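Undergrad: Have a look at the structure that comes next, please.
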Amino acid sequence: MIKITFVQPDGTAKSVDATEGLSLMEVAMRNNIQGIVAECGGQCSCATCHVHIDDTFFERVGPAVDDEEDMLDFAEERVATSRLGCQVSIEQELDGMTVRIPSQQG
Ligand code: FES
């Protein structure tokens with residue numbers, strides 16, 4: 001079982017079960033997490049699945065690379081631990097991770 005907690009800008013948190021192999025964006029969409037729009041459906045071309053990874057997990061998730069980095073340049077509220085949810089693969093070692101959703105997407 002892999003638990004991921006999504007935190008809204010107002011502090012509201014929702015913990016969900018995530019399946020290994022899905023992307024973080026897919027987990028959010030399957031659980032109706034507000035604020036994850038995913039306009040491009042996971043093609044790394046919209047930046048509307050932007051999340052802030054919790055500091056304690058960021059090393060395990062790793063930084064954005066190449067195309068993702070370019071898309072994040074257009075993201076609102078970018079921080080040092082920003083990632084696009086569609087580019088983060090769920091793995092067992094991410095059990096217990098918290099991610100914050102920015103107040104704006106795109
Ligand atoms: Fe479009 Fe992630 S869903 S960049």
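Undergrad: Quick one: pull the percent of accessible area on the chain belonging to carbon and sulfur, 1.4 Å probe, ligands and nucleic acids left out.
TA: C and S fraction of accessible area: 43 percent.
Undergrad: Could I ask something else about it? Per-residue HN-Hα couplings for the range 80-93, Karplus 6.51 cos²θ - 1.76 cosθ + 1.60 at θ = phi - 60°, whole Hz, x for Gly and Pro?
TA: Along the range 80-93, the couplings run 4, 9, 5, 9, 8, x, 6, 9, 9, 8, 6, 9, 3, 5 Hz.
Undergrad: Checking the a/c ratio against 1.5 first, then a/b against b/c, what shape does the Cα gyration tensor give for the chain?
TA: It is rounded, given that a/c, with a ≥ b ≥ c, falls under 1.5.
Undergrad: Given axes a ≥ b ≥ c from the Cα gyration tensor, I'd like to know whether the range 29-85 is rounded (a/c under 1.5), prolate (a/b larger than b/c) or oblate. All intermediate terms of the calculation are to be shown ahead of the outcome.
TA: Numbers: a/c = 1.71, a/b = 1.18, b/c = 1.45.
Taking the square roots of the gyration eigenvalues as a ≥ b ≥ c, the range 29-85 is oblate.
Undergrad: Then there is this: Within the range 31-51, name every residue whose backbone N is under 11 Å away from a label modeled 7 Å from Cα of Lys14 along the Cβ vector.
TA: So the set is 31-36.
Undergrad: Do any trypsin sites (Lys or Arg not before Pro) in the range 75-106 lie in a DSSP loop with no more than 15 other beta carbon atoms within 10 Å, and if so, which?
TA: The qualifying sites are Arg78.
Undergrad: I need the shape label for the range 60-106. Rule: rounded when a/c is under 1.5, else prolate if a/b > b/c, else oblate, with a, b, c from the alpha carbon gyration tensor.
TA: oblate
Undergrad: For the chain, what does -39500 (n - 2.57) per DSSP helix run (n ≥ 4), summed and divided by total residues, give at 222 nm, in deg cm²/dmol to the nearest 500?
TA: Using -39500 (n - 2.57) per qualifying helix, the result is -5000 deg cm²/dmol.
Undergrad: What accessible area per residue comes out for the range 41-106, rounded to a whole number of Å², with a 1.4 Å probe? Let's see the in-between values first.
TA: Values: 3340 Å² over 66 residues.
Value for the range 41-106: 51 Å² per residue.
The values are calculated or read from the model by the stated rules, or taken from the named source; none is laboratory data. Because the structure is a prediction, the values reported are computed rather than measured. Because the Cβ atoms are built from the backbone with ideal geometry, glycine has one as well, and the counts that use them run over all protein chains shown. The protein model used for the area step is the full one, side chains on, heavy atoms only, and it has no ligands, DNA or RNA in it. Shrake-Rupley method; radii C 1.70, N 1.55, O 1.52, S 1.80 Å.
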